[in-house]
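Before any comments, here is the structure.
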Amino acid sequence: MNLGRNLRLLIASSACSNLADGALQTVMPLVALSVTRDPRAFATVAVAGRLPWLIVALPAGALVDRWDRRRTMVLVNIFRVVVLGALTLLVANGGQRVWMLCAVAFALGVCETFFDTAGQSIVPALINDASRLESANSRLYGVELTANQFVGPAVGGVVAGIALAAGVGASTGAYLVGAVVLSMITGTFVVRPPTNDTPRTTIRRDIAEGMRYLAHHHLLRALAIVVGISNLSSSLAFAVFPLYAVRPGPMGLSSIGFGLVLAALAVGSVAGTFLAERLTQRVGQRRTLFVAMTATAAMYAAPALTANVGVIVTGFVVTSSLAVSWNIITVSLRQRIVPGHLLGRVNASYRLFAWGTMPIGAALGGLIASQTSLTAAFWTSVSLGLLCLPILWTQVTTLRLTVDSPVDTMNPPPRPVDSP
């Protein structure tokens, strides 16, 4: 696939931003562990980081559809630099507290809602052929996952092992570079409604329009519900997994070792980006989605059964190699199905279901672990994840995937206004 200049720049900036995200996956739990090992207090930081998807996602989607999507992403990264710069100074002086980490996590979560919604919504405007969305998203996901789950966590663990403040500072610098690269994308990325005489509406009405579209689209609605349950289960386990993994937890890992375990997820994920199209062509979208969700549901059975690092890492690699196909298929479906001027709002409404359950899961993980055990939290995660399978099998049919998501050759995705 021949990548245009703007798409190459988006991929490069995404690599920088996801490098920062990945480093923070290791660094933030380690900073929190420097303050407390109480499961409920520890999980509170994870809850704060995911809470914006529950309370900010919808207005973020409405605003992304009104604003220039590239400019939104640039400003978000600049704000991230300011927030993390302040945290770097706090950690360097040993002034971090749980409530401070919660405030930073919440601010970064708000940034994530805007950045990710704009990032997914801008992709169709950067390619000429709607039938190549899977290929474009595979390239984008490959770079994102390499940075976010492979390089980022490992770098975060190594740098944080030297100094926690340096780990936070490294993410700050990566976000800054990402903002600079994004600013080099040319064109104005505001997608207009189909008619120029459409009256200006309120944010509330814009949000309602996006939610109605999702609510009345059977396929997208079913996928949103399934991924919401799945993310509830996975965030429940992951919120307390650092307590299980990092010394004196059962796995007995150092900060560097913890980063490498997280990086193992990316080994499978990156491989999955190359296998996704072939797997889908061989077994079909429906079976690929079912296999991916089955693997995701069973992921935390490994730490529930053993503290053996090799077994857990193997399970993570296999699961992530299959699970990435879910993201590529479902993101491409939304980009193909949804009209360009609604894409930000529908993406946000979808992710309200998909990600809004994550703070609830994180809170449940801390509660279950504190009242029973870490192992009980992992088994609860597996049980909840398995609930997705009958919903997926009965509601996401081959007919709906075929009828609801045609390649629209008559009305391709809108191009950016004034784009060269």
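Of the residues Gly315, Gly310, Gly272, which single one is without any contact (Cβ under 8 Å) to a residue 12 or more places away in the chain and not aromatic (Phe, Trp, Tyr)?
That would be Gly310, the only listed residue that is without any contact (Cβ under 8 Å) to a residue 12 or more places away in the chain and not aromatic (Phe, Trp, Tyr).
Among the residues of region 338-378, write down those that are modelled with pLDDT of 85 or more, among the small types (Gly, Ala, Ser) and over 14 Å from Thr113 (Cβ atoms).
Listed by number, the residues that qualify are Gly361, Ala362, Ala363, Gly365, Gly366, Ala369, Ser370, Ser373, Ala376, Ala377.
Considering only region 379-398, state which residues are at pLDDT below 95 and among the aromatic types (Phe, Trp, Tyr).
Within region 379-398, just Trp393 meets the criteria.
Scanning region 1-35 for residues that are touching a helix residue (DSSP H, G or I) at 6+ places or on another chain (Cβ under 6 Å) and of a type in the set (S, T, N, Q), which turns out most open to solvent (accessible area, probe 1.4 Å)?
Gln25
Checking Ser235 against (1) under 18 Å from Trp393 (Cα atoms); (2) in contact with a Leu (Cβ under 9 Å, 6 or more places away or on another chain), which single condition isn't satisfied?
Every listed condition holds for Ser235 apart from (1).
Within region 48-65, can one find any residue that is open to solvent by 30 Å² or more (accessible area, probe 1.4 Å), touching a helix residue (DSSP H, G or I) at 6+ places or on another chain (Cβ under 8 Å) and not in a helix (DSSP H, G or I)?
The answer is yes, given that some residue of region 48-65 is open to solvent by 30 Å² or more (accessible area, probe 1.4 Å), touching a helix residue (DSSP H, G or I) at 6+ places or on another chain (Cβ under 8 Å) and not in a helix (DSSP H, G or I).
Of the conditions (1) in contact with a helix residue (DSSP H, G or I) (Cβ under 8 Å, 6 or more places away or on another chain); (2) open to solvent by 30 Å² or more (accessible area, probe 1.4 Å), Arg278 fails just one. Which one is it?
(1)
Within the set of pairs 6+ apart or on separate chains, which have a first residue in region 156-171 that is farther than 14 Å from Ala92 by Cα, a second that is aliphatic (A, V, I, L, M) and crowded, with 22+ Cβ neighbours inside 10 Å, and C-beta atoms under 6 Å apart?
Qualifying pairs under 6 Å: Gly156/Ala23; Gly156/Val27; Ser171/Ala20; Ser171/Ala23; Ser171/Leu24; Ser171/Leu84.
Quickly run through region 223-241 and pick out the residues that are open to solvent by less than 10 Å² (accessible area, probe 1.4 Å), hydrophobic (A, V, I, L, M, F, W, C) and in a helix (DSSP H, G or I).
Leu223, Ala224, Val226, Leu236, Ala237, Phe241
I'd like to check something: does region 71-89 contain any residue that is in contact (Cβ under 8 Å) with a residue 40 or more places away in the chain, open to solvent by 20 Å² or more (accessible area, probe 1.4 Å) and not in a helix (DSSP H, G or I)?
Looking through region 71-89, none of the residues is in contact (Cβ under 8 Å) with a residue 40 or more places away in the chain, open to solvent by 20 Å² or more (accessible area, probe 1.4 Å) and not in a helix (DSSP H, G or I).
Quick one: which residue in Phe114, Phe106 is among the aromatic types (Phe, Trp, Tyr), open to solvent by 20 Å² or more (accessible area, probe 1.4 Å), in contact with a Leu (Cβ under 7 Å, 6 or more places away or on another chain) and modelled with pLDDT of 90 or more?
Step by step, each of Phe114, Phe106 is checked, and only Phe106 is among the aromatic types (Phe, Trp, Tyr), open to solvent by 20 Å² or more (accessible area, probe 1.4 Å), in contact with a Leu (Cβ under 7 Å, 6 or more places away or on another chain) and modelled with pLDDT of 90 or more.
The values are calculated or read from the model by the stated rules, or taken from the named source; none is laboratory data. Note that the structure is predicted; figures quoted are calculated from it, not measured. Please note: Cβ atoms are built from the backbone with ideal geometry, for glycine as well, and neighbour counts cover all protein chains shown. Accessible surface is based on the protein model in full, side chains and every heavy atom, while ligands, DNA and RNA are left aside. Shrake-Rupley method; radii C 1.70, N 1.55, O 1.52, S 1.80 Å.
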